[in-house]
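Below is one structure, written out as C-alpha cells; the observations come after it.
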Amino acid sequence: MAEFKEDPVTEYDRELVAFVVDHTTRWRDHRDVNYLDKWEEYERLFRGIWDGADKTRESERSRIITPALQQAIEGKQAEIAEAVFGRGEFFDIVDDRNDSDPTDIALVRQQMHEDFKFSKIKKALDDIILLGELYGTGIGEITVEEKTVMTPATQPIPGSSMAAIGVREEKKFMVQLNPINPRNFLIDPNARDIESSLGAAIEEYMPYFKIVQGMVDGTYRKVGITPSYNDMDLEPVQEMSPKQDDKVRVIRYYGKVPREYLENLKKQDGEEVVDLFPEGSMAEDYQDMVEAIVVIADDQWLLKAEENPYMMKDRPLVAYQADSMPGRFWGRGTAEKGYNMQKAIDAQIRSHLDSLALTTAPMMAMDATRLPRGAKYDVKPGKNLLVNGNPNEIMMPFKFGNTDPLNMNTANMFQGMLLQATGTIDSTAMPDKVASGEASGAGLSMALSGLMKKNKRTLINFQEDFLIPFITKAAWRFMQFDPDRYPVKDFVFLPVSTLGMVAREYEQQQMMGLMSTLGAQSPIVPLLLQGVIQGSSIGNREEIVASLQQMSQPDPMQQQMQQLALATAQAQLQKTQAEAAKAMAEAQKAGAQAQAVPVEAQAKVLAAASKNTADPMADEFEKRMKIADRLIKVEDIKSNERIAELQNLAKMPRGIDNLQ
C-alpha cells in the first residue's frame, strides 16, 4: 500500500484559502438570491417534475405539467445544434497570407478534427447548448489530460516470417470540454464576461478516489481530507435522495490572487514575510495580482495553488449568453422567455382536470340519520346500499355543474403565446395548418423569416462568444503540450455553420417552387436541384451531387455532332457570301465596260474622220486618241483589280460571329 507524508498546513495556506472562500461565498449568495430558485423551477418544468412550490392556487389538486416549454427548449436547441454541426465539421482554419505552403494548415485541421472526435467535443457542445437554452448561459471548462491511447497492431518477429499481434500504446495530450451547470458556477457579479472578472470558480462534488489519485501522482497536495456531504444544491440534477457517499466538495478557482500569497506558500513558518493586510488598508490585497489556479476542498483544504501554467495566461473557461442581456454575465434562455405562458397553460389545464374530477366522478347526497351504522357507501357498479327507508328519499345523485369545454381553447391560445415568446414553432400543429390552408404561403414565409432571424441571433452569440474562443484556446494548449504534432503558429479559426432545420426546409421549399415555375427544360433547374441535395441531410448527398454534375456535362458524341453541324452551316454561309461577292464584282465590271464602250466608239469615229481630212492637226489628234485609249485600258485594269480583291475577301474564313 502506498504511503506518503502529509504536507503541513501553514498560516499562508489559510490566508489564501480565506481569500478565495470569502469571495466565492459572496458570489454564491448573490447568485442564489437572484437566480437559483428560478433555475430550479426551469429544470422541473423541463423535466416534468411536480413540486408543491409550483402550485398556481392553493386548492389545486392536479399535478400535470404540459410539454409546451419542453418542446420549445428542445426545438431551439436542435435548431442551433443543426446549424453548427449540419455540415459535419464545425470549424475551419485560415493560414497566414505570407505562407505559400498550404499543407501544414491542412494537417493541423485534420489532426484537430480527429482529436476533437476522440474527446467527444461535439457531444459536450450539444450539452452546453441545451444548458444555455434552459438556464440562459452555456458554460464550459477546458481541461488538458495526458491519455494512453491503445490501438491493435502487428509487429514482425526478427528472424522469422511470423508477426506478433498485440496492442500499441501511445501517449497523447487531449483537450477536454466539460459542460458546467450554472448552479455549479460562481463569478464576480460585477463582471460582464469571464476574462474581465476578478475570477471565476466551479463548485461541485468530486469522487473521493479522484482526490486520492491526484495526491498520489502529485497533482494535489497531500492533506488529510475525508469524504463529506453538506449541500444538495450542488447536484447536477434535482433528486429526492442523491448519493452522498465518497464525495468531496471542491472549488476550482481560476482568476487573480495577490502575488504575495503564492510567494509565501513557498516559505516556512517563522520566515520574514510581507504584511499582507496592513491595518486600515482595503486595497492592499488588489495592488499586485497574478493569474492563478487554486483548488480548495471543503472550504479549508488547499489542494493546489499555482500561477497560471498556460502560455497565453488565459482562463480555461468559456461561456455565452443564449439571448443577450447587456450589462450582466447571466443571459436569458428559452425557459425564461416561455415561463409565464407555461405557468398559464399549466394553470388552465389543471383547473380543467380539477373540474372534470368534480363533474365526472359519481357522488351521492345521503340522509345521514337514516343510514345504518358502520356502513361504507362507496359508489361502484353492482354495489348494494342498505338504507332505513325509501332509497329515493334518502339518497340522490349529486353533481357540481358541467365542465366548460372552452378551457382547452384557452390553453391552446396560451400555447400560441408561448411559441411566440420563445421564437419556436409547433411541430405537431404546423402540418395540419398548412394542409387545411390556415397557414398561407405569405403568412408562413413571414413567420419563418422572423424565426430564422431569432435563431441567427443565438447562433452568432454561440459562435463569437463560445465556439471560436474554445477552439482558439484548445489550439494554444495543443501547441504548448504537443508541439510535435501542432506547430506554434498564429492560426485564424472560422466557424463553419449552415442553416438550421427549419430554415433549411423553408429554403428547400422555396427552391422547389422555383424549379416547378421554371420547368424541366430550364438550364437553371439542375443547379437548383444540386442546391436542394446539398442542403439535405441524407448520407450520400455528395455522391448524388457528383452524379448530377456529371449528368449536366454534354455528351461527347452529341457535342461532336453539334460542332459538325456548326461547321457545315459556317461553310454554307461562306459559300453564299462568296457567290454574292462574285456577282457584285461582275456587276461592277459590266458597268465599267458599259461606260468605256461609248468613249472607245467615239474615239474610233474621230480617228476615221481625221484620216479622210487634210487637216495639218491630224498628227496631234492621233496622239490624243492614243492617250485616251491608254486611259481606258488603265481604268479596265483597276476594275479587274477591285473584282479580284472582292473575290479574295469572300474566300477568307469567317468566325462563328457570322452566324449571328
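The values are calculated or read from the model by the stated rules, or taken from the named source; none is laboratory data. None of the values given here were measured: they were computed from a predicted structure. Methodologically, a virtual Cβ is constructed for each residue, glycine included, from the backbone with ideal geometry; neighbour enumeration extends over all protein chains shown. Ligands, DNA and RNA are excluded from the accessible area calculation, which covers all protein heavy atoms including side chains. Shrake-Rupley method; radii C 1.70, N 1.55, O 1.52, S 1.80 Å.
For the stretch 106-169, a simple Cβ point-charge model (Lys and Arg +1, Asp and Glu -1, everything else neutral) yields a dipole of about 280 debye relative to the Cα centre.
Specify whether the C-alpha gyration tensor of the stretch 295-390 places it in the rounded, prolate or oblate class, a ≥ b ≥ c being the square roots of the eigenvalues: rounded for a/c under 1.5, otherwise prolate if a/b is larger than b/c and oblate if not. In terms of gyration-tensor shape, prolate.
Accessible area per residue for the stretch 143-190 is 63 Å², calculated with a 1.4 Å probe on protein heavy atoms, without ligands, DNA or RNA. Amide H to amide H, with H built 1.01 Å from N, Ala200 comes under 5 Å of Tyr254, Gly255, counting only residues 5 or more places away or on other chains.
Peptides 108-115, 128-135 ranked from most to least packed, by the mean per-residue count of other Cβ atoms within 10 Å: 128-135, 108-115.
Here the accessible area of the stretch 300-429 is 55 percent carbon and sulfur, with a 1.4 angstrom probe and all protein chains present.
Electrostatic tally near Asn34: other residues with Cβ closer than 12 Å to its Cβ, Lys and Arg +1, Asp and Glu -1, net +1.
Spatially, the stretch 457-485 and the stretch 8-75 are offset by 29 Å when compared through their Cα centroids. The slack between Thr360 and Thr154, meaning 0.36 nm per residue of separation minus the straight C-alpha distance, is 66.7 nm. Annotation: per residue accessible area for the stretch 297-336 equals 37 Å², rounded to a whole number [probe 1.4 Å, protein chains only]. Ranking Leu353, Met395, Asn340 by Cα position along the charge dipole of the stretch 339-407, where only Lys, Arg, Asp and Glu carry charges on their C-beta atoms, puts Met395 farthest toward the positive end. Share of pairwise Cα-Cα distances greater than 20 Å in the stretch 1-87 is 67 percent (whole percent).
What's the ranking of 75-85, 469-479, 9-19 by average number of surrounding C-beta atoms within 10 Å, highest first?
Those peptides, ordered most packed to least, come out 75-85, 469-479, 9-19.
Cα centroid distance between the stretch 359-414 and the stretch 306-356, in Å? For the stretch 359-414 versus the stretch 306-356, the Cα centre distance is 47 Å.
Electrostatic tally near Arg63: other residues with Cβ closer than 10 Å to its Cβ, Lys and Arg +1, Asp and Glu -1, net -1. Highest-first packing order for the peptide set 199-210, 25-36 is 199-210, 25-36, based on the mean count of other beta carbon atoms within 10 Å.
Set the bar at 27 Å for Cα to Cα. Now go through Lys122/Lys454; Lys171/Lys243; Lys123/Lys172 and name every pair that lies beyond it.
Details: Lys122/Lys454 23 Å; Lys171/Lys243 34 Å; Lys123/Lys172 20 Å.
Exceeds cut-off: Lys171/Lys243.
Put a dot 7 Å past the Cα of Asp231, heading toward its Cβ, do the same for Lys243, and the two dots end up 2.1 nm apart.
In a fully extended conformation the segment linking Asp37 and Lys222 would gain 62.9 nm over its present Cα-Cα distance, using 0.36 nm per residue. What the phi angles of the stretch 373-387 give under the Karplus curve with 6.51, -1.76 and 1.60, with θ = phi - 60°, is a coupling list of 6, x, 7, 9, 10, 7, 8, 8, x, x, 7, 9, 10, 9, 9 Hz, glycine and proline written as x.
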